[in-house]
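First comes the structure, then the notes that go with it.
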Amino acid sequence: MEYKLPGDATSKDEIKLLVSEVEKQESKGVHLLVNNAGIAQDDRSKYSNGKLDIKSAQSISEHLWKADPSGWAATFETNITAQFFVAAGFLPLLVKAGENTPGFSPSIFNITSISGVMKGSSNGQFAYATSKTGLIHLMRMMQQYSLRPRSWLTRKSCIQREVSFDQRCLVCICSHKCREYSGPTCMQLTA
């Protein structure tokens, strides 16, 4: 069974509503939360936007100065802050699923990017790459709060290509703002 629940992952009020709705539908909890919301709002500083003389401090400064602070703020709000609050909101349902499924440990997958670990700056998208690095660190910090003995936050994984899930309850947060279902861009619940 699949539910499509539109909402804004950057709004604590809408996250609370989503958690409440999911709890009504899935009384035994949620086994897996996939935080996949992400944006890149720093197009002005991409290397493809104008010629950049990397031997000139003035040229580099002028290029970097093109970045828009509101783009940085939106990128961080979606790529880090929303991930944090969605995880915090779903934590009780994750623990509940673990308690209702002996031998099973619920999980949170926060989807990040290779841009968060590579030396480069994602073709000049400094806010995006920095936010993905921040999300990786946020995951490390959240691991401190794993509820023993069920270590639901302590896994580190790299997933490539197709991933198969069984019929356990899965919540996927795929877009930061979605008002109506349009394919894989909405918050969706699969049970």
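FYI, it's all coordinate maths here, none of it is from the lab. Source: prediction; values computed, not measured. Heads up, the Cβs are rebuilt from the backbone with ideal geometry, glycines too, and the neighbour counts pull from every protein chain shown.
Is any residue of the stretch 11-55 close enough, with backbone N under 20 Å, to a label point placed 7 angstrom from the Cα of Ile136 along the Cα-Cβ axis, and if so, which? Within reach of a label on Ile136: 35-42. Remark: the Ile60-Lys28 segment gains 6.1 nm on full extension, using 0.36 nm per residue and subtracting the alpha carbon distance. Positive contributions from Lys and Arg (+1) and negative ones from Asp and Glu (-1), summed over other residues with Cβ under 14 Å from the Cβ of Lys66, come out at -1. A simple spin-label model places pseudo-atoms 7 Å from Cα toward Cβ; at Ile114 and Asp43 they are separated by 2.3 nm. Exposure proxy shown here: for Thr101, Thr10, Thr112, the number of other Cβ atoms within 10 Å sets the order, fewest to most, as Thr101, Thr10, Thr112. With N counted as the residues of the stretch 25-93, its alpha-carbon radius of gyration over 2.2 N^0.38 Å works out to 1.71. The Stokes-Einstein estimate for the stretch 1-116, based on a Kirkwood radius over Cα pairs and taken at 10 °C with 1.306 mPa s viscosity, is a diffusion coefficient of 95 µm²/s.
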